[in-house]
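The values are calculated or read from the model by the stated rules, or taken from the named source; none is laboratory data. The model shown is predicted, which means the values in this text are computed figures rather than measured ones. FYI the Cβ positions are ideal-geometry reconstructions off the backbone, even for glycines, and counts take in every protein chain you see. All accessible areas refer to the heavy atoms of the entire protein, side chains included, with ligands and DNA or RNA removed. Shrake-Rupley method; radii C 1.70, N 1.55, O 1.52, S 1.80 Å.
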Amino acid sequence: MNRVFGRKKAPGPPPPSLGEASQGVGGRMESIDVKIAQLDKELKVYRDKLKTTKSPAAKKNIQKRAMEVLKRKRMYETQRDQLAGQQFNIDQASFGIESAKATVSTISAMKAANTELKGVMKNDLKIDDVDELADDMAEMMDEFQEINEALAQNFATPDDIDEADLEAELDMLGDELEDEFAEEDAVPSYLQESTSLPAQPTAVPGGGGKVPVAASGAQKVDEYGLPVET
């Protein structure tokens with residue numbers, strides 16, 4: 001049977017992960033950088049020799065060697081750039097895989113949360129219960145308002161008082177207050193200016209003669225014969 005169908009190939013080693021591949025490419029880039037640095041040192045040596053060499057033949061030989069070193073440097077730089085591109089692609093693929101795994105994990109968590117929320121809404125949280133609770137709260141607040149209004153009543157005021165009588169009494173009290181204010185603002189009689197003065201006496205008190213009248217141009221005197229200032 002093995003000769004007819006052939007043997008099944010043994011499984012090979014597992015492929016490297018993206019992280020291992022990225023590390024391998026990075027290691028190769030580091031080795032190439034070391035070679036490029038070594039070639040830069042050789043080019044510097046050749047450049048210094050060209051400055052000090054006066055023989056044309058020797059300069060030509062040095063230039064030829066420097067050209068070979070420069071070609072090798074360009075080749076290594078090309079390889080390094082290619083490896084850098086490969087490493088970038090590997091890192092992009094690794095980032096894409098990690099993002100996809102994170103997305104799958106997020107979706108799984110959201111599905112589980114959705115299922116749990118549906119169970120809570122179905123079993124523990126019912127719209128009828130919420131409406132009933134809201135009605136109970138509104139009724140309790142109304143009762144609480146009635147209690148506050150009952151406690152705020154003035155128990156000392158009789159119920160049989162007529163508002164019309166109270167208004168009439170309030171008007172009478174206002175008139176009395178206006179009369180009192182008018183009396184307080186009135187000027188006393190002894191401070192008021194009198195418009196009618198008593199008549200000038202014509203006789204001396206005690207039944208005497210007439211009050212002497214001063215002559216024209218003479219100083220005036222009172223009823224007692226004393227001079228009066230004018």
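Can Ile62 be described as touching a residue at least 40 places away in the same chain (Cβ under 8 Å), open to solvent by less than 80 Å² (accessible area, probe 1.4 Å) and over 54 Å from the mean Cα position of the chain (by Cα)? Spelling it out, it is not the case that Ile62 is touching a residue at least 40 places away in the same chain (Cβ under 8 Å), open to solvent by less than 80 Å² (accessible area, probe 1.4 Å) and over 54 Å from the mean Cα position of the chain (by Cα). Looking across segment 37-89, the residues that are farther than 30 Å from Glu20 by Cβ and small (Gly, Ala, Ser) come down to Ser55, Ala57, Ala58, Ala66. Being of a type in the set (Lys, Arg) and at pLDDT below 90: is that true of Lys71 here? Considered against the rule, which asks whether it is of a type in the set (Lys, Arg) and at pLDDT below 90, Lys71 comes out as no.
Among the residues of segment 19-41, those that are open to solvent by 60 Å² or more (accessible area, probe 1.4 Å) and either among the hydrophobic types (A, V, I, L, M, F, W, C) or at pLDDT below 90 (or both) comprise Glu20, Gln23, Val34. Answer yes if at least one residue in segment 94-103 is within 20 Å of Ser22 (Cβ to Cβ), modelled with pLDDT of 90 or more and of a type in the set (Lys, Arg), and no otherwise. Yes, that holds for at least one residue.
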